[in-house]
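The values are calculated or read from the model by the stated rules, or taken from the named source; none is laboratory data. Since we're looking at a predicted model, the values are computed, not measured. Cβ: placed from backbone, ideal geometry, glycine included. Neighbour counts: every protein chain shown.
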Amino acid sequence: MFDYRARVLHAESMSLELLAQRFGTPLYVYSKAAMLSAWQRFTQACGGHPHCVCYAVKANSSLAILQLLAKLGAGFDIVSVGELERVLRAGGNPGGIVFSGVGKREDELRRALEIGIHCFNVESEAELLRLSALADSQGKTAAIALRINPQVETGTHPHIATGHRDAKFGINSGLAEALYRRAASLPGIRIIGIACHIGSQITQPAPFLDAARCVMALVDRLLENGILLEHVDFGGGFGVRYQAEPRLDVSALISQLRALVEKPGLKLLLEPGRALVAEAGALLTRVEYLKTTDQGRFVVVDAGMSELIRPPLYGAWHEIRAVTLRPGMPSEIYDIAGPVCESADFLGRGRRLAVQTGDLLAVMDAGAYGFSMSSNYNSRPRAAEVLVDDEQVTLIRRRETLDDLMAQEELLSG
Ligand code: LLP
């Protein structure tokens, strides 16, 4: 959905040059069509099997994007009361919400109980007991799944792997059976499912299938204990192609996952975040300076780790394109540096570009964990976001102002 027309990069039918002129930079630009097509890939692969695709809100939690997915019938995977309120404001159905996370606070559990979400994905015995006591005291019943840790290695970056032996996430699969039995005897608790999530940006099918087999073996053992589940939730983690990663065939993988749950006739839940929004977004930034030092050449741009922290945080690679192609101009190898006062503040290194001061660059595949991980570090107002639908554009988040930046603060009196 991002392509060149007459040497200018477009999002669908909108020129990125015009968008930058109109809305300024840094600017997040999203393609609606790209999100729709990613969404369809998941739902078509689930086909006639009872399912719910629960979008992982953390990947991109902007209201308009949640609204778009809610209209398509998405469920939502949330990890905080903030995400819960966003989903509700965006028109999401409470009955499609699953609540993950190792550190759910009491007020968060209480609010989710009040709303009546679909399922709490419980991550520890202590959380189970807290939830039981809260639900019971309110005369409510909490529908739960235990998130188990199937202890598989995923080959992804250590910061975003979650299903290995020493992860803080989930319940060791060896201990889960006993905890399910305990849960069955607790007041205020109704067991409805089982969940796992083994990590993010996984580009091979094998770890998903290993984890799913581990989950399904547990489903069988629970049945022998008289515990009958209604759904299995295989989490998210479906990788996208940022550079040269193998392209994960999501449709084939989901067919294989379906085949594993077909027999017991369980509903299939998935929690994709990145795979629904990453490729739909680009971060638009303007070249402020070209700078040459003894060490090399730098393109200094007006976006950095405050807008997109993935490159410095994970060593993540995002393609960086010149918005306007300059066929006559000699290209050079540049490091793309942000304005933030940190040595790690680079959007990319060693990229061949033909650019001059004032040009625009597009950092591609930035729709997931881009804006949602952005910060105000260096007192930088957060970027604006626009959604493109063919040749229509909607400002879905205005640029933060300097007043916004200081709005919650007070000076000392006297
Ligand atoms: N479900 C649970 C319980 C999760 O913890 C996550 C992501 C997801 C679903 C969605 O995973 P996805 O489909 O997006 O891979 N900030 C990192 C990614 C962190 C992922 C955290 N959990 C990044 O920028 O790569």
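Annotations for the structure displayed:
- Number of the condition not met by residue 264 [criteria: (1) assigned to a loop (DSSP other than H, G, I, E, B); (2) modelled with pLDDT of 95 or more]: (2)
- Residue within the stretch 37-45 that is more than 16 Å from residue 269 (Cα to Cα) and not aromatic (Phe, Trp, Tyr) present: yes
- Pick from the stretch 291-322, criterion under 19 Å from residue 4 (Cα atoms) and either away from the ligand (no atom under 16 Å from the Cβ) or among the charged types (D, E, K, R) (or both), ranking: surrounded by the fewest Cβ atoms within 10 Å (Cβ to Cβ): 319
- Residue pairs meeting the criteria (Cβ under 7 Å; at least 6 apart or on separate chains; first free of Cβ contacts under 8 Å to residues at least 60 places away in the same chain and among the charged types (D, E, K, R), in the stretch 62-82; second within 16 Å of the ligand (Cβ to nearest atom) and part of a helix (DSSP H, G or I)): none
- Lone qualifier among 106, 123, 114 - being surrounded by fewer than 16 Cβ atoms within 10 Å (Cβ to Cβ), of a type in the set (D, E, K, R) and out of contact with any helix residue (DSSP H, G or I) (no Cβ under 8 Å at 6 or more places or on another chain): 114
- Long-range neighbours under 8 Å by Cβ, at least six apart or interchain, first residue on the phi > 0 side of the Ramachandran plot within the stretch 183-201, second among the hydroxyl-bearing types (Ser, Thr, Tyr) and within 8 Å of the ligand (Cβ to nearest atom): 199/162
- Selected residue (only one of 342, 288 is among the acidic types (Asp, Glu), surrounded by 14 or more Cβ atoms within 10 Å (Cβ to Cβ) and outside the structural domain of residue 50 (by TED's automatic domain parsing)): 288
- Qualifying residues in the stretch 361-379 (those that are buried (at least 22 other Cβ atoms within 10 Å of the Cβ) and away from the ligand (no atom under 16 Å from the Cβ)) - the one farthest from residue 240 (Cα to Cα): 361
- Residue match in the stretch 171-185 (condition: in a loop (DSSP other than H, G, I, E, B), modelled with pLDDT of 95 or more, more than 30 Å from residue 282 (Cβ to Cβ) and out of contact with any strand residue (DSSP E or B) (no Cβ under 8 Å at 6 or more places or on another chain)): yes
- In summary, helices (runs of 4 or more DSSP H) completely within the stretch 60-168 and bearing 1 or more residues that are of a type outside the set (Val, Ile, Thr) and within 13 Å of the ligand (Cβ to nearest atom) occur at 81-89.
- Taking the listed residues 358, 350, 338, the one that is within 21 Å of residue 6 (Cβ to Cβ) and away from the ligand (no atom under 16 Å from the Cβ) is 358, with no other qualifying.
- Checking residue 274 against (1) touching a residue at least 40 places away in the same chain (Cβ under 8 Å); (2) more than 16 Å from the ligand (Cβ to nearest atom), the condition it does not meet: (2)
- Each residue in the stretch 231-265 was checked for being exposed (fewer than 14 other Cβ atoms within 10 Å of the Cβ) and within 27 Å of residue 178 (Cβ to Cβ), and 3 of them qualify.
- Extreme residue, nearest to the ligand (Cβ to nearest atom), among residues of the stretch 193-230 that are within 24 Å of the chain's Cα centre (by Cα), farther than 15 Å from residue 179 by Cβ and of a type in the set (A, V, I, L, M): 202
- Looking only at the stretch 323-339, and only at residues there that are in contact (Cβ under 8 Å) with a residue 12 or more places away in the chain and among the small types (Gly, Ala, Ser), the one that is surrounded by the fewest Cβ atoms within 10 Å (Cβ to Cβ): 331
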